[in-house]
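Engineer: Questions regarding the structure given below will be posed in turn.
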Ligand code: TRP
């Protein structure tokens, strides 16, 4: 039996460093932007319940599976899977899903950075509004004061029409992500999580309390927790599952890669549970932060992806202290996005380091540039390339722009397929003793976890995937 090859030389300085970084990877635009958007579009309560089911029954067992692959394989997503496959005496062909995960991370970061760029812009607009008098004449000064609701909403349209501005923000975001990842696991990734995550939680709680007092909390709670199962059709279920995977950073290298840096004496199951609980908790709190404000000024909770960017600023402008709160709100989203983008970049970067023997600096530079360039295509598809269709022959993507295809294809296809293969690999093919030793679970708990990984997760993912992608099958 060959020992692990291409192993990493880096590691977390403590168990908490890992937990914070992994929560940072999980908590991101997915929680604060995508989750409220999807919950709003899919009718609230029933979606939220189904989502929580996906987290507990599919997400949590898979978080543990991915971290196990990383810690047992001690390499990047491809190398770790190969090492575990070799130690288990099964085909190296399993590395296919390791590849898929790295490609997904690459693609996701390309549009993620563009969206994070909007966040920076809105933080600038809101901050400009608040600090306007201090810095009059600055480009964002007094941005929203006296603006009509329509003009505020129009800002998103004009942002999408402004290629240099979009490009500048995308550049800033990728640049910061690059600077952190290039510094390494210890000096970059874990330091960033150490400062950004506590700041994020403080802001989240503060703004939620503000919204509860100033906004319409009761209506928000009713909206998020009153289930109407007639709204929960197959595409809504597919969206919920895809969102659960996306939000917990499953299926795209992040947790395998971070798992490789975990020391052997860290207990994995409680750590995995903390990641799932924190991520889901933040998604729900983010809903309770956003919807009271949305309802207070009578906006539409089903506004879609523009909810956070187009609707909320209107609400903020009408509320006491709104421009300061709005500014802090976008700073909060920026922090969340940054710790996630770091994890997205680290997947491909660790592959370059471990498999190609590149230095961290070289790998981070090459991948950041490549992702930056694909991101430009996403960005142009908001604008001059809005009519370009990458998958015109596939009905669910026929009308989708480059941006929407990359977002939709990774979320609806690649992440679920990788999650399915991870479950089969750990549930059926990986050496049972090795897996049991890594989990440290015994008896009934181990049996339960294995049942979820071997049976429920793959079947659940496969069923939802097939009906979600081919809704015609149900008709
Ligand atoms: N989980 C992050 C979010 O919710 C996004 C993210 C970070 C991610 N790393 C990932 C998604 C890896 C998929 C795979 O915003």
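Engineer: Taking square-rooted eigenvalues a ≥ b ≥ c of the alpha carbon gyration tensor, is the chain rounded, prolate or oblate, where a/c under 1.5 means rounded and, failing that, a/b exceeding b/c means prolate?
Structural biologist: Judged from the Cα gyration tensor, the chain comes out prolate (a/c at least 1.5, a/b above b/c).
Engineer: Here's something else I'd like to know. Let me make sure I get this right: for the stretch 44-110, a, b and c are the square roots of the gyration tensor eigenvalues over alpha carbons, sorted descending. Under 1.5 in a/c it's rounded, otherwise prolate if a/b > b/c, else oblate. Which is it?
Structural biologist: Prolate shape, in that a/c is at least 1.5 and a/b is the bigger ratio.
Engineer: Moving on to the next point. Quickly rank 254-263, 226-235 as a protection proxy: mean count of other C-beta atoms within 10 Å, highest first.
Structural biologist: Answer by packing, highest mean first, reads 254-263, 226-235.
Engineer: On to the next question. Determine, for 373, 396, the number of other Cβ atoms within 10 Å of each Cβ, and report the residues in order from fewest to most.
Structural biologist: 373, 396
Engineer: Okay, moving on. Going highest first, how would you order 33-41, 356-364, 108-116, 442-450 by mean Cβ packing within 10 Å?
Structural biologist: 108-116, 33-41, 356-364, 442-450
Engineer: Normalised by the number of residues in the stretch 329-475, what is the relative contact order in percent for Cα pairs under 8 Å and 6+ residues apart?
Structural biologist: So the answer I get is 15 percent.
Engineer: In deg cm²/dmol, rounded to 500, what helix-only [θ] at 222 nm does the chain give when every DSSP H run of at least 4 residues adds -39500 (n - 2.57) and the total is split over its residues?
Structural biologist: Mean residue ellipticity, 222 nm, calculated: -22000 deg cm²/dmol.
Engineer: Suppose a student asked you for the relative contact order of the chain, using Cα pairs under 8 Å spaced at least 6 residues apart; what percent would you report?
Structural biologist: It rounds to 33 percent for the chain.
Engineer: Per the Debye formula with a single identical scatterer at each Cα and no solvent contribution, what log10 I(q)/I(0) holds for the stretch 210-298 at q = 0.13, 0.15, 0.19, 0.21 Å⁻¹?
Structural biologist: Treating every Cα as an identical point scatterer, log10 I(q)/I(0) equals -0.63, -0.77, -0.98, -1.07.
Engineer: Explain nothing, just the number: relative contact order of the stretch 118-277, from Cα pairs under 8 Å at least 6 residues apart, as a whole percent.
Structural biologist: Averaging sequence separation for qualifying contacts and normalising by length gives 9 percent for the stretch 118-277.
Since every read-out is calculated from the coordinates, none of them should be taken as a lab result. In this text the structure is predicted, and so the values were computed from the model without any measurement. Quick reminder, even Gly has a Cβ in these numbers, built from the backbone with ideal geometry, and neighbours come from all protein chains shown.
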